[in-house]
Amino acid sequence: MSTITSESAAEKNLDFFFIANQPALDLANTLIAAKGVPLELMPNFHSFCRWVEKAGLAPVDQIKRASQTWSRLQEEAFMDGLRDYRARVKEVIVALGNKKPVPNSFVEETNRLLIEANAVVQVEAHDAKTFRRTWPLNWSQPKSVFGLIAETGLQLICDCDLSLVRKCESPDCVLAFYDTTKNHKRRWCSMDVCGNRHKATLHRRKVQGSSAQRSP
Ligand SMILES: [Zn+2]
């Protein structure tokens, strides 16, 4: 299947979706579908930097350091690996949607990336009373930045209630989310888009049904 290029995505003024409440799912939501055709929202390293910044996963100055020191080849290899990991996150979403377990290959790949990133957990003191878990991320090293991405996958399967990871119920929509609503009844990526479209379809069917009944 063909993928719409970055230029055409930019022309359409498309931006990222941050509707998932979970960064690995937000990453999965950077490959969407428009009328059944895959639409890439993260076509190059520049767009990845923009996504990381918008996702709040790293400070801008650190991301800039990467864009200043990596070669074009490193950027391209990184993007290939990123798309591969994103495809694996999508496999997890599909598996969970079918009430199947998280594929072992996802766990193995996440661990491999974390080990390669040397993601050894440490404690960082914010002040005398506040501490946080961290690991030394080196933005001049692509492998290290992969650790950041693998960490979002680790958070997905370790910290989330996996029964609440869902795909939008609209059959035309590929967006996924982590349902953090109180009653866990979230059905749509966005009420404004797929929720309202569903309501309109129900309404149209109702109107068509009642006019059919009136026909002789
Ligand atoms: Zn949707």
Given charges at beta-carbon only (K, R positive; D, E negative), |dipole| of the chain in Debye: 1240
Using the 10 angstrom Cβ neighbour count as an exposure proxy, how do V120, V52 rank, fewest first? V120, V52
What nm distance separates the two modelled labels at S140 and N196, each placed 7 Å from Cα along Cα→Cβ? 5.0
Translational diffusion coefficient, Stokes-Einstein: compute it for the range 134-216 using the Kirkwood radius over C-alpha pairs as Rh, at 20 °C and 1.002 mPa s, and state it as an integer in µm² s⁻¹. 130
Relative contact order for the range 41-155 using alpha-carbon pairs under 8 Å, separation at least 6, rounded to a whole percent? 24
Listed residues C158, C49, C173, most fluctuating in the chain (Gaussian network, C-alpha, under 10 Å): C158
Which of A200, A58, A24 moves the most in a Gaussian network model of the chain with Cα springs under 10 Å? A200
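Remind me, relative contact order of the chain in percent, using alpha carbon pairs under 8 angstrom and six or more residues apart?
Values: 254 pairs, mean separation 46.3, N = 216.
The normalised contact order for the chain reaches 21 percent.
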Three principal axis extents, largest first, for the C-alpha atoms of the range 6-183, in Å? 47, 39, 30
For the pairs K167/K206; K99/K185; K167/K199, flag any whose C-alpha to C-alpha distance is greater than 21 Å. K167/K206
I'd like the distance separating the alpha-carbon centroids of the range 181-207 and the range 54-115, in whole Å. 31
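Would you compute, from DSSP H runs of 4+ residues alone, the mean residue ellipticity of the chain at 222 nm, taking -39500 (n - 2.57) per run and dividing by the full residue count, rounded to the nearest 500? Present the calculation step by step, with values, prior to reporting the outcome.
Working: 8 runs with 109 residues, N = 216.
It lands at -16000 deg cm²/dmol.
Read the figures in this text as sums done on the coordinates, not as results from a lab. Just so you know, these numbers come straight off a predicted model, no measurement behind them. Counting neighbours? That spans all protein chains shown, and the Cβs are built from the backbone with ideal geometry, glycine included.
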